[in-house]
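The values are calculated or read from the model by the stated rules, or taken from the named source; none is laboratory data. Only a predicted model underlies this, so the values are computations on that prediction, with no experimental measurement involved. Cβ placement follows ideal geometry from the backbone for every residue including glycine, while neighbour counts extend to all protein chains displayed. Accessible surface is based on the protein model in full, side chains and every heavy atom, while ligands, DNA and RNA are left aside. Shrake-Rupley method; radii C 1.70, N 1.55, O 1.52, S 1.80 Å.
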Amino acid sequence: MGHGFGELAKVRGIVTHKISPFEQRAFANVISKGVPNTLRRIRSQIFIVAPPFVMGYMIYNYIENLHTQMNRHERMKICFCTDLDKSVLISNFEKRGWVQVTADDDWNFYWAGTGSCRNIFSVDSGYRMHDNQLINHFPNHYELSRKDLLVKNIKRYRKDLERDGNPLAEKTEANIPGGSKYLYLDFIPITFVLPADYNMFVEEYRKNPQSTWIMKPCGKSQGAGIFLINKLSKLKRWSREAKTSFHPQIGKESYVISRYIENPLLIGGKKFDLRLYVLVTSFRPLKAYLFRLGFCRFCTVKYDTSVTELDNMYVHLTNVSVQKHGGEYNNHHGGKWSVQNLRLYLEGTRGKEVTDKLFGSITWLIVHSLKAVSSVMASDRHCFECYGYDIIIDNTLKPWLVEVNASPSLTSTTANDRILKYKLIDNILNIVLPPDGVPDVRWNKIPSPDMLGNFDLLIDEEIAAQDDNVQNSNN
């Protein structure tokens with residue numbers, strides 16, 4: 001029919017066509033004309049097509065993740081148990097759809113008393129926690145909450161910094177009245193552990209025989225067993241009556257004796273202290289948060305330093321467990337004042353600058369008290385802890401750490417108290433649980449900012465280390 005492809009011969013009765021050269025060159029001008037034409041079409045349509053596509057993909061991705069989380073919740077029923085029959089706990093757990101079980105059952109979340117925690121982590125118990133279990137105490141939480149160990153750890157921390165030449169351990173001149181003091185780490189009153197430090201206490205007492213000291217049993221709380229002394233003879237008489245020897249080699253039960261803060265800041269003539277809640281999710285690296293809704297606890301009787309009132313605990317102890325038995329106790333407000341109100345009061349009477357400095361000092365002492373125990377604390381990933389910090393402010397607006405409680409009371413004395421403690425537990429759960437709400441120790445314990453609620457981040461050494469690495473890389 002022809003001589004070759006594309007060269008058909010003319011034959012009578014047959015219509016012939018030559019093949020277009022473009023049919024032989026399918027990609028002719030694909031670069032010079034095709035690409036510019038494609039870009040022109042994309043530019044004209046991109047803002048019409050892209051937004052609904054991106055939005056659709058985001059919705060799809062969100063629903064897919066939500067579906068995965070819901071399926072996980074359906075597959076895994078969250079079980080909780082608690083040693084405390086407190087409505088602020090139970091209502092928060094049940095709100096999340098959790099099911100209550102006993103400690104002998106398989107649980108995921110345990111709000112335990114310190115005794116139960118001690119049993120769980122005991123070597124003799126043989127109990128081994130799995131990845132989907134959380135408990136509200138660290139194994140040796142008492143390193144911070146037991147009065148004698150708190151003092152011991154802070155003293156060791158200061159000595160370690162001093163030995164390393166750290167500027168934080170800098171001291172004042174030794175020839176000033178009262179001897180040298182730490183410039184930046186002087187946030188606990190002079191304290192001794194009895195009976196071990198009895199001789200050192202006597203030596204310190206004789207330097208200032210007119211001083212008042214406060215005696216506390218190491219293993220008790222809520223103001224139990226506390227009393228004040230201003231004479232060494234009173235301590236010896238108490239020792240004889242209680243049949244407790246303060247001889248370093250004989251005594252068994254430990255006490256701490258601290259110099260009494262005789263110049264506390266007074267409001268309305270009454271002494272008060274601060275109760276602040278600090279949440280720790282890890283000690284190594286240290287991760288801690290401060291609850292903004294702390295409160296002041298007031299004495300019901302006006303402060304009086306006279307000897308006749310030395311034994312009046314309604315004058316000197318701010319514990320609600322003590323004050324609620326007094327005749328002047330107010331059931332409506334419970335002798336409490338919010339930290340926000342305290343701050344407004346101090347800004348109005350002392351000025352904003354010194355008030356900001358005070359609250360900065362409070363944050364400082366909390367962080368360094370935690371650092372003091374971080375090296376000795378067993379930082380188990382199954383654990384978190386909410387500590388109750390008790391802080392007294394003197395009339396120079398200097399904060400003093402009095403003690404730390406491992407199991408701060410969740411009993412509600414007023415309606416506002418119940419609301420505060422409900423928020424406290426709710427916010428704690430939001431921080432210690434992964435985003436899907438299922439306990440998991442493999443999570444990195446870095447909650448998103450919108451999950452902090454009324455907590456502020458005090459310190460996160462992991463994030464700080466990451467920021468330092470980024471800064472070093474940039475440099």
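Return a yes/no flag: does region 354-372 have any residue that is over 24 Å from PHE455 (Cα atoms), open to solvent by 10 Å² or more (accessible area, probe 1.4 Å) and in contact (Cβ under 8 Å) with a residue 40 or more places away in the chain. Working first, answer last.
Step one: list which residues in region 354-372 are over 24 Å from PHE455 (Cα atoms), which gives none.
No.
Of the residues making up region 224-241, those that are within 38 Å of the chain's Cα centre (by Cα) and aromatic (Phe, Trp, Tyr) number 1. Within region 137-149, does at least one residue satisfy the condition of being farther than 30 Å from ASP106 by Cα, modelled with pLDDT of 85 or more and aliphatic (A, V, I, L, M)? Yes, region 137-149 has at least one match. Listed conditions (1) open to solvent by 30 Å² or more (accessible area, probe 1.4 Å); (2) part of a helix (DSSP H, G or I); (3) more than 25 Å from TRP238 (Cα to Cα) are all met by MET200, apart from (3).
Pairs meeting the criteria (first residue in region 292-318 and farther than 25 Å from ILE362 by Cβ and in a helix (DSSP H, G or I), second residue open to solvent by 30 Å² or more (accessible area, probe 1.4 Å) and among the β-branched types (Val, Ile, Thr), beta carbons under 7 Å, at least 6 apart or on different chains) are TYR314/VAL301.
Here ILE90 meets each of (1) of a type in the set (Val, Ile, Thr); (2) modelled with pLDDT under 80; (3) within 30 Å of ASN132 (Cβ to Cβ) with one exception, condition (2). Is it the case, given these coordinates, that PHE192 is of a type outside the set (Gly, Ala, Ser), open to solvent by less than 70 Å² (accessible area, probe 1.4 Å) and in a helix (DSSP H, G or I)? Against the criterion (of a type outside the set (Gly, Ala, Ser), open to solvent by less than 70 Å² (accessible area, probe 1.4 Å) and in a helix (DSSP H, G or I)), PHE192 does not qualify.
Only residues that are aliphatic (A, V, I, L, M), open to solvent by 10 Å² or more (accessible area, probe 1.4 Å) and either on the phi > 0 side of the Ramachandran plot or touching a helix residue (DSSP H, G or I) at 6+ places or on another chain (Cβ under 8 Å) (or both) were counted across region 265-275, and they come to 1.
Per the conditions (1) touching a Gly at 6+ places or on another chain (Cβ under 7 Å); (2) over 30 Å from HIS333 (Cα atoms), the sole criterion not satisfied by THR413 is (2).
Of all residues in region 443-461, those satisfying the criterion of being open to solvent by 20 Å² or more (accessible area, probe 1.4 Å) and either among the hydrophobic types (A, V, I, L, M, F, W, C) or closer than 23 Å to PHE298 by Cβ (or both) are TRP443, ILE446, MET451, LEU452, ASN454, LEU457, LEU458, ILE459. On the given criteria, is GLY165 open to solvent by 20 Å² or more (accessible area, probe 1.4 Å) and not assigned by the TED database to the domain that holds CYS383? Against the criterion (open to solvent by 20 Å² or more (accessible area, probe 1.4 Å) and not assigned by the TED database to the domain that holds CYS383), GLY165 does not qualify. Scanning region 126-151 for residues that are of a type outside the set (Asp, Glu) and under 16 Å from VAL402 (Cβ atoms), we see that the one that is surrounded by the most Cβ atoms within 10 Å (Cβ to Cβ) is LEU144.
Can you find a residue in region 100-108 that is of a type in the set (Gly, Ala, Ser), open to solvent by 30 Å² or more (accessible area, probe 1.4 Å) and touching a residue at least 12 places away in the same chain (Cβ under 8 Å)? Step through it out loud before you land on a result.
The initial filter retains those residues of region 100-108 that are of a type in the set (Gly, Ala, Ser), namely 103.
Those left that are additionally open to solvent by 30 Å² or more (accessible area, probe 1.4 Å): 103.
Now narrow it down to the ones that are touching a residue at least 12 places away in the same chain (Cβ under 8 Å): 103.
Yes, region 100-108 has at least one match.
Go through the residues of region 114-126 one by one and say whether even a single one is in a helix (DSSP H, G or I) and touching a His at 6+ places or on another chain (Cβ under 8 Å). Yes, some residue in region 114-126 is in a helix (DSSP H, G or I) and touching a His at 6+ places or on another chain (Cβ under 8 Å).
Taking the criterion of being over 16 Å from the mean Cα position of the chain (by Cα) and not in a loop (DSSP other than H, G, I, E, B), the only residue of region 361-390 that qualifies is SER361.
For (1) at positive phi; (2) out of contact with any Gly (no Cβ under 8 Å at 6 or more places or on another chain); (3) at pLDDT 95 or above, each residue gets a yes or a no:
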site: SER239; (1), (2), (3): no, yes, no
site: SER245; (1), (2), (3): no, no, no
site: GLN249; (1), (2), (3): no, yes, no
site: ILE257; (1), (2), (3): no, yes, no
site: ILE261; (1), (2), (3): no, yes, no
site: TYR289; (1), (2), (3): no, yes, yes
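The set of residues in region 404-442 being open to solvent by less than 20 Å² (accessible area, probe 1.4 Å) and assigned to a strand (DSSP E or B) consists of VAL404 alone.
Here is a yes/no grid of residues against (1) modelled with pLDDT of 90 or more; (2) among the β-branched types (Val, Ile, Thr):
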| residue | (1), (2) |
| --- | --- |
| THR308 | no, yes |
| ASP311 | no, no |
| VAL322 | no, yes |
| ASN331 | no, no |
| ASN341 | yes, no |
| GLU347 | yes, no |
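Applying a threshold of 7 Å to beta carbon distances and a minimum spacing of six or more residues, or different chains, the list of pairs starting in region 324-353 at a residue that is open to solvent by less than 90 Å² (accessible area, probe 1.4 Å) and ending at one that is assigned to a helix (DSSP H, G or I) and of a type in the set (S, T, N, Q) reads TYR329/GLN323; GLY335/GLN323; ARG343/THR355; LEU346/THR355; GLU347/THR355. Being part of a loop (DSSP other than H, G, I, E, B), in contact with a strand residue (DSSP E or B) (Cβ under 8 Å, 6 or more places away or on another chain), farther than 20 Å from VAL441 by Cβ and not charged (D, E, K, R) is a property that does not hold for LEU144. Is it the case that ASP273 is of a type in the set (Asp, Glu), assigned to a loop (DSSP other than H, G, I, E, B) and in the same structural domain as ALA372 (by the TED database)? Taking the combined requirement at face value, the residue does not satisfy it.
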